[in-house]
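Throughout, read-outs are computed from the coordinates displayed, never taken from laboratory work. If you're wondering where the values come from, they're calculated on a predicted model, not measured in any experiment. Cβ placement follows ideal geometry from the backbone for every residue including glycine, while neighbour counts extend to all protein chains displayed.
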Amino acid sequence: MPSSPTSPAEHVQSEVDLSIVVPVYEEEESLRELADRIRETCTAAAVSFEVWMVDDGSRDGSWSVIEEIHRSDPRFAGLRLQRNYGKSAALAAGFARVEGRLVATIDADLQDDPRELPPMMRMIDEEELDLVSGWKKVRQDPLNKTVPSRFFNYVTRKISRIPLHDFNCGLKIYRREVVESVTLYGELHRYIPLLAKWEGYDRIGEKPVVHHPRKHGSTKFGFERYVRGFLDLISVVFLTRFAARPMHFFGTLGTLAFAAGFLISLWLSYEKIVLGYALANRPLLLFGVMMILLGAQMFTTGLLGEMMIQRDMDRGAGYRVGNVLEPRPMIYN
């Protein structure tokens, strides 16, 4: 006897169109409204979704709110880190568990608008992009945030050679293979486009997005994040250009330093032997010796870097997970 077709009430959405990762740090007042906005947006756009709310060691009631949201709608999953590791670790923990064809990130403070997600998804598909980054063209933040951010973005754009206006925007969307290819730690979350480009995902788009004023609480970031961000930018630029060939970087510097020291020493030897000049009080002599030693040290550093690469060590993102609320697909009536 042939089996009867599955009724609509028994149909379970099996394929996830969009996974959304939300890093959370002490945002209990915003989470319920954010969940409602995401649900309304995805339902209206007929997008199947899952949400990973990653509690990055919050000391308020954020985790209790995440548990409550999960109980009412299991498409909202929860992940609780043992302590506050930072936004990069929270995103990495979420990226490790996503199942969607596309992966979006959005901040938990309600300043990013989930209604931007469907148009960004269409950009990915229609323009065959690897990722789309939001651009807070009109920012609803005080000057002490907007001015340093513009300077930071300008310098990052010039150094990375990626024509994005807003590397700091938390609203981004990727193909899943992109987030699976990057390793995050420190402040590297803002450099995911650069890390993705290094892995070969260089089809990068940008979309101006609505930026809302903060509704609850206060910002968790201070000026020190820009200092850390610039230091991480230097690290990323070095790693993406020379991680596989450190001798090219240190060897070049070492060659220049050694050559300069050698030429200085050769000239001083000519002055001493041929011209009979005294070298006892010549600072140039000490400088030449220092340059030769510096060149040798650079060569040694490059060689050690090559040896470390051969070991192919990958230490991961460095976070510990406390609690996990797994997502479950919804049954549509």
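The phi torsions of region 70-82, fed into the Karplus equation with coefficients 6.51, -1.76 and 1.60 and a -60° offset, translate into couplings of 5, 5, 7, 8, x, 5, 8, 9, x, 9, 10, 7, 5 Hz, rounded to whole numbers, with Gly and Pro shown as x.
Scan around Ala104 for amide H atoms under 5 Å from its own, H built in the peptide plane at 1.01 Å from N, and keep only partners 5 or more places away or cross-chain. Sorted by chain and number, the residues that satisfy this are Ser19, Ile20, Val21, Tyr174.
Within the shell defined by Cβ-Cβ distances under 11 Å, the residues around Gly200 carry a net charge of -2, with Lys and Arg each +1 and Asp and Glu each -1. Under 5 Å from the amide H of Trp135 lie the amide H atoms of Lys207, Val209, each residue being 5 or more positions distant or on a separate chain, with H modelled from the backbone and absent for Pro and chain starts. Prolate is the label for region 246-308, because a/c, from the alpha-carbon gyration tensor with a ≥ b ≥ c as root eigenvalues, is 1.5 or above and a/b exceeds b/c. Here the relative contact order of region 246-308, from alpha carbon pairs under 8 Å that lie six or more residues apart, stands at 59 percent.
With θ taken as phi - 60° and the Karplus curve 6.51 cos²θ - 1.76 cosθ + 1.60 applied, the whole-hertz 3J(HN,Hα) list for region 160-166 is 7, 6, 10, x, 9, 8, 9 Hz, x standing for glycine and proline. Considering all C-alpha pairs of region 43-139, those separated by over 18 Å amount to 55%.
Under the combined filter of DSSP loop state and at most 15 neighbouring Cβ atoms within 10 Å, region 19-102 retains these trypsin sites (Lys or Arg not before Pro): Arg59, Arg83. Our coupling estimate for region 280-296, obtained by passing each phi through the Karplus curve with A = 6.51, B = -1.76, C = 1.60 and θ = phi - 60°, is 4, 10, 9, x, 4, 4, 5, 5, x, 5, 4, 5, 5, 5, 4, x, 5 Hz, Gly and Pro reported as x. Remark: the Asp73-Arg59 segment gains 2.7 nm on full extension, using 0.36 nm per residue and subtracting the alpha carbon distance. A simple count of charges around Arg97, restricted to other residues whose Cβ falls under 10 Å of its Cβ and scoring Lys, Arg +1 and Asp, Glu -1, yields -3. Summing charges over all other residues whose Cβ lies under 13 Å from the Cβ of Leu279, with Lys and Arg as +1 and Asp and Glu as -1, gives +1. Which residues in region 155-196 place their backbone N less than 18 Å from a point set 7 Å from the Cα of Glu99 along the Cα-to-Cβ direction? Backbone N within reach: 176-177, 180.
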